[in-house]
Amino acid sequence: MADAATRTIEVEVEPEKLFDVITDFESYPEFLGSLGLVGIKIESRGDDGMVVTQSVKKLGKTVSYTLKYKLDRPHEVAWTFVRGQMMSHNTGSWTLEKTGEGKTRATYAIEVKFGMLVPKSLVKLMVSKELPQMVEAFKKRAESRSS
């Protein structure tokens, strides 16, 4: 069974600016390192998408997974699972909606399925604690870059 989560936040920037932060994968370690992200590798890049391998460190072990991103500037960034360690499914999206001058409603949705060796307690921690922290990190990054 897959675990799913959704989180919506209000960000004090235009959708284009938040989209730029979300798709600047190379800078993720700068503001997501505290959540265990230790590496990013762009496998391929095209006009409407890219393939990205991310490495995260959890419980002293580094694991990698690769996602294929579809980009619909400035409205949506969606992804599907390509391959990875300890994971068998990962799909999701960022949906960005302009709500006023200089304001965006951003909804992050994810559905993941991990292998049998991943403790359910770790999955719950990631969904209940780390997901909100990650979304807030994107908000803070976007708002600090716009000032």
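What to note about this one:
- Dipole magnitude of the stretch 20-147 about its Cα centre (Cβ charges: Lys, Arg +1; Asp, Glu -1), debye to nearest 20: 560
- Percentage relative contact order, the chain, counting C-alpha pairs under 8 Å, at least six apart: 29
- Rounded to 10°, Cα long-axis angle of helix 131-146 versus longest principal axis of the chain: 30
- FRET efficiency, 1/(1 + (r/R0)^6) with R0 22 Å, evaluated for Arg45 and Ser144 via beta carbons: 0.30
- Close amide-amide hydrogen proximity is noted between Ser88 and Lys113, Phe114, Gly115, each under 5 Å apart and 5 or more residues distant or on a separate chain (H modeled in the peptide plane; Pro and chain starts excluded).
- Taking every protein chain into account, the 1.4 Å probe leaves Val63 with about 20 Å² of accessible area, to the nearest ten.
- Per residue solvent-accessible surface (Å²) - the chain, probe of 1.4 Å: 55
- Carbon/sulfur fraction of accessible area - the chain, other protein chains in place, 1.4 Å, %: 52
- Cα gyration tensor shape for the stretch 1-49, rounded if a/c is under 1.5, else prolate or oblate: rounded
- Long pairs among Lys41/Lys113; Lys70/Lys98; Lys68/Lys129; Lys70/Lys140; Lys58/Lys103; Lys98/Lys120, criterion Cα-Cα beyond 28 Å: Lys58/Lys103; Lys98/Lys120
- Of Gly39, Gly92, Gly60, the one that fluctuates the most in a GNM where the chain has Cα springs shorter than 10 Å: Gly60
- Extreme residue, positive dipole direction of the chain, given options His89, Pro74, Thr23 (C-beta unit charges): His89
- Cα gyration tensor category, rounded, prolate or oblate, for the chain with a/c compared to 1.5: prolate
The values are calculated or read from the model by the stated rules, or taken from the named source; none is laboratory data. For clarity, every value in this text was computed on a predicted model and none was experimentally measured. When we count neighbours, we look across all protein chains shown, and the Cβ atoms used for this are built from the backbone with ideal geometry, even at glycine. Surface areas here come from the heavy atoms of the whole protein model, side chains and all, with no ligands, DNA or RNA. Shrake-Rupley method; radii C 1.70, N 1.55, O 1.52, S 1.80 Å.
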